[in-house]
Amino acid sequence: MTHLTAPHGGQLTELYVSESEQQQLKELATGLPSWDLTHRQLCDIELLLNGGFSPLTGFLSKEDYQSVLDSTRLADGTLWPIPVTLDVDAQFAETIQTGSSVALRDAEGVLLAVLEVSDIWTPDKTLEAQKVFGTDDQKHPAVDYLLNKAGEVYLGGRLKGVEAPNHYDYKGYRDTPAELRAKFKKWGWRKVVAFQTRNPMHRAHQELTFRAARQEEANLLIHPVVGMTKPGDIDHYSRVRCYEHIIKEYPEQTTMLSLLPLAMRMGGPREALWHAIIRKNYGCTHLIVGRDHAGPGKDSNGEDFYGPYDAQTLLQQHEEELGIQMVPFQMMVYVKEKAEYLPADEVEEGMTALNISGTEVRRRLAEGLEIPEWFSYPEVVKELRKTSPARDKQGVTIFFTGLSGAGKSTIANALMIKLLEMGNRPVTLLDGDIVRKHLSSELGFSKEHRNINILRIGYVASEITKNGGFAICAPIAPYQATRREVRAMIEPLGGFIEVHVATSLEECERRDRKGLYAKARAGLIKEFTGISDPYEVPEQAEITIDTLGLTPDEAAQEVILKLESEGYIR
Ligand code: PPS
């Protein structure tokens with residue numbers, strides 16, 4: 001562990017051991033239980049090891065964890081708002097005792113650190129959610145993560161760092177706290193205002209940050225989060241390309257761009273405190289905090305989780321103790337008559353204040369509509385159009401579901417031919433039978449195997465969708481939860497249209513094209529959908545087709561019309 005005292009930001013706690021000790025740890029680790037860190041944990045460990053989370057010396061102990069929950073402080077009284085814990089599954093936890101060590105590795109098995117386990121406990125996650133995020137509503141992304149994705153047991157203890165997680169992307173923009181402090185020192189940047197963001201930057205952000213820096217007579221650090229942000233956010237590759245354009249809009253030598261590998265929790269006020277501590281560790285003297293800082297969106301009742309200025313209020317109470325100053329900022333709006341941006345509260349009466357919300361930007365991108373130059377720079381809009389193409393350029397999955405013999409394959413084939421005839425995107429048909437031959441030949445029809453089968457189809461369809469094609473899937477897909485999972489996998493990447501081919505069981509059985517129903521009734525085929533295994537009727541299908549009243553051509557046409565009305569084909 002190295003303590004560096006630098007002119008910026010106070011003491012920095014780096015957790016890397018010396019080179020000779022690293023070698024010893026690598027040898028020791030071969031005999032230790034190994035934990036492959038999740039994406040979230042990789043982000044956390046990077047900031048623990050490089051001192052971004054100073055003064056933490058590892059994953060929180062149980063005592064520190066309790067104290068952070070109860071009082072936003074570590075057990076020794078140091079302000080610390082977010083529990084940084086190592087969650088593992090119960091099975092792994094059973095192999096560990098306090099006092100033992102665990103090798104922490106990345107997805108490829110590279111040893112990043114050794115954890116000296118001081119505490120093992122099963123947290124009350126609902127209580128944690130309420131204390132830290134003020135809610136147990138699973139619409140809050142961090143609550144959803146905590147309750148549905150994180151392991152059930154926490155390990156706490158000190159870390160001995162071996163190496164930093166590797167990043168292949170944007171190495172030139174990735175600075176550790178020590179590196180950033182050294183740059184500031186070398187350039188003579190005594191005052192540095194940090195701007196935290198998880199979104200692309202438009203003119204309003206450029207104006208706001210520029211004003212904030214000018215007001216404080218300080219330099220500016222654009223410090224976007226590239227670890228984990230809110231699910232559904234624009235990917236960091238596109239954002240970094242946007243920031244590269246924006247950075248040219250500031251006067252030379254005043255502003256720099258550096259990427260922060262933080263896993264955000266969207267924790268509003270507590271998260272704002274965290275951001276301030278982290279930026280102080282990175283050598284900044286000021287942090288811009290705007291409206292609804294690190295806000296997680298709306299709750300299950302459509303209400304905001306936190307008040308728009310709660311984060312500013314909390315940070316204000318603690319900025320002296322933290323030793324970093326907040327630069328509170330109002331929303332910037334474009335004043336038409338003056339052709340310039342002003343803080344919302346400085347707009348004179350009678351003037352026209354213009355703004356375009358994030359949702360509206362997404363709608364305009366999806367529909368290929370204009371985004372005016374007063375709102376964003378043309379180069380930024382161009383980047384966004386590349387990754388958020390208009391709907392008629394996006395990939396789409398058309399997911400048929402229904403009983404065996406319902407007519408899924410026939411309609412899917414007719415649809416494929418019509419789409420091929422139109423010729424504007426590549427088309428792939430993932431029919432139930434085809435998939436079972438080429439992708440899932442080893443699987444049977446137990447619930448577990450059906451789920452694996454459907455998730456495989458979903459995965460392939462998601463890749464096709466991501467790359468701009470039409471994926472037509474036609475499995476039975478009898479379970480609601482699995483269909484929901486497939487939808488969640490695909491929707492962030494393009495279109496998802498679920499088509500319930502709702503031919504009744506009686507009709508399917510009457511047709512019995514493959515003679516399977518007769519066999520199922522005779523008990524010769526086990527777990528047959530509709531006979532001896534359930535079919536859960538879709539609740540949110542975009543289209544329901546009853547083949548009794550429609551020809552395959554007409555049914556395929558219904559799907560085409562839906563694709564047209566949603567803007568996926570023009
Ligand atoms: S699932 O549940 O989505 O994984 O099923 P799927 O991959 O679409 O496979 C369905 C085809 O397999 C034949 N078959 C069975 N279906 C249902 N239950 C059982 N036990 C079963 N055994 C074999 C059946 O011919 C299905 O084809 P389709 O095209 O749906 O009629």
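Points worth noting:
- Using C-alpha pairs under 8 Å with a sequence gap of at least 6, the mean separation divided by the residue count of the range 327-421 gives a relative contact order of 17 percent.
- Per-peptide packing, taken as the mean over residues of other Cβ atoms within 10 Å, places 266-277, 341-352 in the sequence 266-277, 341-352 from highest down.
- In the chain, Cα pairs under 8 Å separated by at least six residues give a relative contact order of 11 percent.
- Here is the P(r) of the range 391-565: all C-alpha pair distances, binned every 10 Å from 0, give 10, 40, 37, 11, 1 in whole percents.
- Within-15-Å neighbourhood charge of LEU262 [Cβ basis; K, R +1; D, E -1]: +4
- Per-residue HN-Hα couplings for the range 400-406 [Karplus 6.51, -1.76, 1.60; θ = phi - 60°; Hz; x = Gly/Pro]: 7, 9, x, 5, 4, x, 6
- Relative pair counts by distance (%), Cα atoms of the chain, 10 Å bins: 3, 15, 22, 22, 19, 12, 5, 1, 0
- For ARG158, the residues 5 or more places off, or on other chains, whose built amide H falls under 5 Å of its own are GLU116, SER118.
- For the range 49-65, the Karplus equation 6.51 cos²θ - 1.76 cosθ + 1.60, evaluated at θ = phi - 60°, returns couplings of 5, 8, x, x, 9, 3, x, 5, 10, x, 6, 4, 6, 4, 5, 5, 4 Hz by residue, with Gly and Pro reported as x.
- Selection of GluC sites (Glu not before Pro), the range 126-172, meeting DSSP coil and at most 14 other Cβ within 10 Å: GLU152, GLU163
- When you count the other C-beta atoms within 10 angstrom of each residue and take the mean per peptide, 361-370, 539-548 line up highest first as 539-548, 361-370.
- Straight-distance candidates among the lysines for linking to LYS447, with alpha-carbon spacing under 27 Å and chain neighbours fewer than 8 residues away dropped: LYS149, LYS408, LYS437, LYS514, LYS519, LYS526.
- Computed on the Cα atoms alone, the convex hull of the range 379-454 gives a volume of 134 cubic angstrom per residue.
- Other-chain or far-sequence residues with amide H under 5 Å of LEU287's (modelled H): ALA194, GLN325, MET326, VAL327
- The range 363-438-the range 89-145 distance, computed between alpha-carbon centres (Å): 38 Å
- For the cross-link pairs LYS248/LYS382; LYS185/LYS248; LYS131/LYS280; LYS171/LYS386; LYS160/LYS186, the ones whose C-alpha atoms lie over 20 Å apart are LYS185/LYS248; LYS131/LYS280; LYS171/LYS386; LYS160/LYS186.
- The range 2-161: relative contact order as a whole-number percent, Cα under 8 Å and 6+ apart: 27 percent
- Shape category assigned to the range 2-161 from the gyration tensor of Cα positions, a/c cut at 1.5: oblate
- Residues whose amide H comes within less than 5 Å of that of GLU498, counting only those at least five positions distant or on another chain, are PHE399, GLU542, ILE543 (H built at 1.01 Å from N in the peptide plane).
- For GluC sites (Glu not before Pro), the sites in the range 424-470 that DSSP calls loop and that have at most 11 other Cβ atoms within 10 Å are GLU442.
- The range 242-259 - phi-based ³J(HN,Hα) in whole Hz, Karplus 6.51/-1.76/1.60, Gly and Pro as x: 5, 4, 4, 6, 4, 4, 6, 7, 9, x, 4, 6, 9, 9, 10, 10, 9, 9
- One Cα centroid belongs to the range 479-520, the other to the range 549-563; the line between them spans 16 Å.
- The chymotrypsin sites (Phe, Trp or Tyr not before Pro) found in the range 424-501 include none that occupy coil by DSSP while having at most 12 further C-beta atoms within 10 Å.
- A cut-off under 12 angstrom between Cβ atoms defines the neighbours of PRO177, and their net charge, with Lys, Arg +1 and Asp, Glu -1, is +1.
- All other residues whose Cβ lies under 10 angstrom from that of MET331 are scored, Lys and Arg at +1 and Asp and Glu at -1, for a net of -1.
Read-outs throughout are calculated quantities, based only on the coordinates presented, and are distinct from any laboratory measurement. Worth saying up front: this structure is predicted, and the values here are computed from it rather than measured. Heads up, the Cβs are rebuilt from the backbone with ideal geometry, glycines too, and the neighbour counts pull from every protein chain shown.
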